[in-house]
Amino acid sequence: MKSYTYIFASIILLIAFVSSCKNPNPQPELVTGPYAHQVDSVMALMTLEEKIGQMTLFTTDWGSTGPTIREGFEEDIRKGRCGALFNSHTVAFTRHLQEIAIKESRLGIPLIFGYDVIHGYKTIFPIPLAESCSWDLAAMENTASIAAREAAAAGLHWTFAPMVDITRDPRWGRVMEGAGEDTYLGSLIAAARVKGFQGSNFDNADKVMACVKHFAGYGAPVAGREYNTVDMSERMFRDIYLPPYLAAVKAGAMTVMTSFNDLDGVPSTGNRWLLDEVLRKENHFTGFVVTDYTSINEMVNHGYAVDEAQAGEEAANAGVDMDMQGAVYQQFLKNSIDSGRVALEVIDLAVRRILTTKFQLGLFKDPYRFCNEQREKETVFAAAHLEAARDMARKSIVLLKNEKNILPLTSKKTIALIGPLAADGTQLIGAWSGAGEGDKCVSVFTAFKERSAKDGFTLLHAKGAEISGDDKKGFSEALSAARKSDIVIAVVGESKEMSGEASARADIGLPGVQQALVEALVATGKPVVVVLMNGRPLALPWIAEHANAIVEAWWSGTEGGHAIADILFGDYNPSAKLTMTFPRVMGQVPIFYNQKNTGRPYDPTTKWNTRYIDLPNSPQYPFGYGLSYTTFAYDSLVVTTPQPPSKGEYLFARKDTIQASVKITNTGTRSGEEIVQLYVRDVVGSVTRPVKELKGYEKIKLEPGESKNVVFHITSDQLRFYTVDMIYKAEPGTFWIMVGPDAERLQKKVVRLVE
Ligand code: BGC
């Protein structure tokens, strides 16, 4: 043991010496980057096996997010056969494992600890899809930074987030983990989350490395089925799916995770074009690339490699630096190098990238700098974090319907709170909540009970039904409570296991007998408010028509119950808007706002066009939609360009800026926030273009009677796309500039880009 400590001390001395020398031979990339000499000094001591060890990531037995669990990872650490671990957290546990690496491995190279801190570590925030509905970048950056603070205080260095996959199919369970269907908004949110997780440095050990995932195109599996094939044109990939990953990289994401899927026939984990060309050469990513859980091994099932050894070679040669849980590099990479199928330089570069992050994290200076029990105790579940969770949840809840202003609840004497999710706080943390504790969540029932004494109303409660199953025995109790009440609040939806990874649903209605329960409640004649808890857009046409009000609460986190009550009782005026389209029925899926016009655009009055014969094309609720307890009036849209208009079109050149402005007035009686949205349509292109694309938005707050002029500035750069020649540029021609409260209610003006 002593000799190991001696070697670790020698590394530190060597690093200190080398850091003070000038580099005589500058070389490309990381060799000249930050910590290059320190990294060199460590690498000089490493055997090939130890290098491969740095490229190996294992889960501990504290939890698994995939099909297999390896045993004996402590022995791997001791032998220098693994450089990072995941699913291990808390100061006590990470310190224990770090001690093995530092004191018992030959070189004492510190471990990195990673974890899926997706929407909070202990204090759980709303699911990312919910947060995205706030359109509030500062708030999302803040929740990511709190998540990082708690995670770092618990010994973690690395989160496998943000997930930035664009998603257009609500059957896919992982839509809950992203920011919805839009590329522009998704890119802004990706960057905000990276900044929140990583901040600008690790000086205070209160930030974690971000890992943008799943690179790439994982959000477009055929039929919404988990892990399924992804196939799309390169143009669609570059225009729609790629930008959020690049935005995250540009914001400084230090790591990238490959996706499980193949893309145009090549699995992402062995995709040289994706990793080497697009990510590294075109977009200058210098951090390290990690696989998803055993995704190297899965290239055999994909039919892309004959065996795991070849899969490992494909991955290494494509630019995958770290093997998550597959043990392929550990088992086969040395042989691949010895036989010349993988060059030693490939390994050296990967190890350089990984060691560089360990230096950036400060782990070579102090491997235990994230291990402080006192700080951990004070940080997780801090009061300020819970307050932020409540605030973020309020900002994320979307009011979908509010007939005759039945909400907010005022002067109601008796309220019946019904439904399987009304009192079940444990569900509020939602999927991908890692170390989150469901029993710490405030349920809607608890929040209502707290208010009932204070606000002087009688609260009746009945579960009515389970989330799943066909048992209707609880209906009679629920209906009798409903009949005794002035208003019914039905809290229904999905269980948290119904979304997230490996949780695709073929039917996106309410599970079990919940729909029947809501129908029975409506049949009592009492006003019914439906509160939805779910991880994806649901198709609920009957409820959309018959409920008096609908509140989309999503999985709203530790403080969810309080936030929902704040909305229902009007302490907070809802301001969120959908970032994923809600279909009327499953048959419309995939459904998204930025579709193409087609050669036979939709016309419900004739037959031979792009339509269903049994349903309108329009969704139940469009992208960008959400109500408030107040109302907003939009004056006429005014567009100006520096050049004089001609034949009703406003002309502009590439260097010009178009100004689009509209005056918004709060015409109701409450103060409220409105998300004003700007869309653009490129009418004719060298390839067909979407009927509209979000290009800007502003969230404004207005007091009753107050007005504000919202001004958007549009340049030709914002009109770029991949042309027929795959050149990223704006083409001259006519554009529609559209502004409105959602993707459907838009006013338009016509402008023309002239050369
Ligand atoms: C998921 C990733 C996750 C990883 C580690 C995989 O199954 O696809 O998103 O980060 O497990 O938990």
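Annotations
- Boolean, Gly199 is surrounded by fewer than 22 Cβ atoms within 10 Å (Cβ to Cβ) and either in contact (Cβ under 8 Å) with a residue 40 or more places away in the chain or in contact with a Ser or Thr (Cβ under 7 Å, 6 or more places away or on another chain) (or both): yes
- When region 124-160 is filtered for residues that are more than 24 Å from Phe93 (Cβ to Cβ) and not hydrophobic (A, V, I, L, M, F, W, C), the ones remaining, listed by number, are Pro126, Pro128, Glu131, Ser132, Ser134, Asp136, Glu141, Asn142, Thr143.
- Among residues of region 574-590 that are closer than 14 Å to Asp182 by Cβ, those with a Cβ under 7 angstrom from a residue that is among the β-branched types (Val, Ile, Thr), sequence gap 6+ or separate chain, pair up as Lys577/Val398; Lys577/Ile675; Leu578/Val398; Met580/Thr167; Met580/Val175; Thr581/Ile591.
- Among the residues of region 646-655, those that are modelled with pLDDT of 95 or more and either under 35 Å from the mean Cα position of the chain (by Cα) or not aliphatic (A, V, I, L, M) (or both) comprise Phe652, Arg654, Lys655.
- Here region 97-106 is the region considered, the condition is being of a type in the set (D, E, K, R) and touching a helix residue (DSSP H, G or I) at 6+ places or on another chain (Cβ under 9 Å), and the residue that is nearest to the ligand (Cβ to nearest atom) is Glu104.
- Residues that are under 26 Å from Leu361 (Cβ atoms) and either within 16 Å of the ligand (Cβ to nearest atom) or in contact with a strand residue (DSSP E or B) (Cβ under 7 Å, 6 or more places away or on another chain) (or both) within region 251-267 comprise Ala253, Met254, Thr255, Val256, Met257, Thr258, Ser259, listed in sequence order.
- Note on region 633-663: among residues that are of a type in the set (A, V, I, L, M) and assigned to a loop (DSSP other than H, G, I, E, B), the one that is nearest to Gly740 (Cα to Cα) is Leu637.
- When region 400-443 is filtered for residues that are surrounded by fewer than 22 Cβ atoms within 10 Å (Cβ to Cβ) and in contact with a strand residue (DSSP E or B) (Cβ under 6 Å, 6 or more places away or on another chain), the ones remaining, listed by number, are Lys401, Asn402, Ile406, Lys412, Thr414.
- Selection within region 502-525: residues that are in contact with a helix residue (DSSP H, G or I) (Cβ under 6 Å, 6 or more places away or on another chain) and assigned to a loop (DSSP other than H, G, I, E, B). The member of this set that is nearest to Ile418 (Cα to Cα) is Thr524.
- Looking at Gly33, Gly72, Gly80, Gly53, just one residue is surrounded by fewer than 16 Cβ atoms within 10 Å (Cβ to Cβ), touching a helix residue (DSSP H, G or I) at 6+ places or on another chain (Cβ under 8 Å) and at pLDDT 65 or above, and that residue is Gly33.
- Test: residue in region 495-509 that is within 16 Å of the ligand (Cβ to nearest atom) and open to solvent by less than 10 Å² (accessible area, probe 1.4 Å): yes
- Region 107-218 holds helices (runs of 4 or more DSSP H) entirely within its bounds, and those carrying 1 or more residues that are of a type outside the set (A, V, I, L, M, F, W, C) and within 16 Å of the ligand (Cβ to nearest atom) map to 128-132, 183-198.
- Per the listing Ala153, Ala161, Ala139, the residue uniquely within 15 Å of the chain's Cα centre (by Cα), modelled with pLDDT of 95 or more and crowded, with 24+ Cβ neighbours inside 10 Å is Ala161.
- Residue match in region 446-456 (condition: under 33 Å from the mean Cα position of the chain (by Cα), open to solvent by less than 10 Å² (accessible area, probe 1.4 Å), over 25 Å from Thr159 (Cα atoms) and modelled with pLDDT of 95 or more): yes
- Against the numbered list (1) more than 24 Å from Met163 (Cβ to Cβ); (2) free of Cβ contacts under 8 Å to residues at least 60 places away in the same chain, Glu298 comes up short only at (1).
- Of the residues contained in region 236-245, one or more are found to be touching a residue at least 40 places away in the same chain (Cβ under 8 Å), within 16 Å of the ligand (Cβ to nearest atom) and within 21 Å of Ala315 (Cβ to Cβ).
- Only a single item in (1) open to solvent by 50 Å² or more (accessible area, probe 1.4 Å); (2) within 28 Å of Pro537 (Cα to Cα); (3) not hydroxyl-bearing (Ser, Thr, Tyr) is not met by Phe592, and it is number (1).
- Considering region 271-348, the qualifying helices (runs of 4 or more DSSP H), each wholly inside and each with 3 or more residues that are within 30 Å of Glu74 (Cβ to Cβ) and more than 16 Å from the ligand (Cβ to nearest atom), run over 308-318, 328-338.
Conditions (1) over 24 Å from the mean Cα position of the chain (by Cα); (2) aromatic (Phe, Trp, Tyr); (3) under 29 Å from Ala220 (Cβ atoms), marked per residue:
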site: Pro583; (1), (2), (3): no, no, yes
site: Asn609; (1), (2), (3): yes, no, yes
site: Gln620; (1), (2), (3): no, no, yes
site: Thr657; (1), (2), (3): yes, no, no
site: Thr667; (1), (2), (3): yes, no, no
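- Residue match in region 329-345 (condition: of a type in the set (Ser, Thr, Tyr) and touching a helix residue (DSSP H, G or I) at 6+ places or on another chain (Cβ under 7 Å)): yes
- Selection over region 518-528 of residues that are touching a residue at least 60 places away in the same chain (Cβ under 8 Å) and surrounded by fewer than 24 Cβ atoms within 10 Å (Cβ to Cβ) gives a count of 2.
- Within region 393-434, tally of residues that are among the hydrophobic types (A, V, I, L, M, F, W, C) and within 15 Å of Glu552 (Cβ to Cβ): 8
- Hits in region 632-663 - residues which are surrounded by fewer than 17 Cβ atoms within 10 Å (Cβ to Cβ) and closer than 30 Å to Tyr572 by Cα: Ala633, Asp635, Ser636, Ser661, Lys663
- Verdict on Ile347 being in contact with a Leu (Cβ under 8 Å, 6 or more places away or on another chain), open to solvent by less than 50 Å² (accessible area, probe 1.4 Å) and over 21 Å from Leu274 (Cβ atoms): no
- Among the numbered conditions (1) away from the ligand (no atom under 14 Å from the Cβ); (2) modelled with pLDDT under 95, the only one that Thr94 does not meet is (2).
- Region 221-235, residues that are open to solvent by less than 30 Å² (accessible area, probe 1.4 Å) and within 15 Å of the ligand (Cβ to nearest atom): Pro221, Glu226, Asn228, Val230
The values are calculated or read from the model by the stated rules, or taken from the named source; none is laboratory data. Note that this is a predicted model, so its numbers are computed, not measured. Because the Cβ atoms are built from the backbone with ideal geometry, glycine has one as well, and the counts that use them run over all protein chains shown. Just the protein is used for accessible areas: all its heavy atoms, side chains included, with ligands, DNA and RNA removed. Shrake-Rupley method; radii C 1.70, N 1.55, O 1.52, S 1.80 Å.
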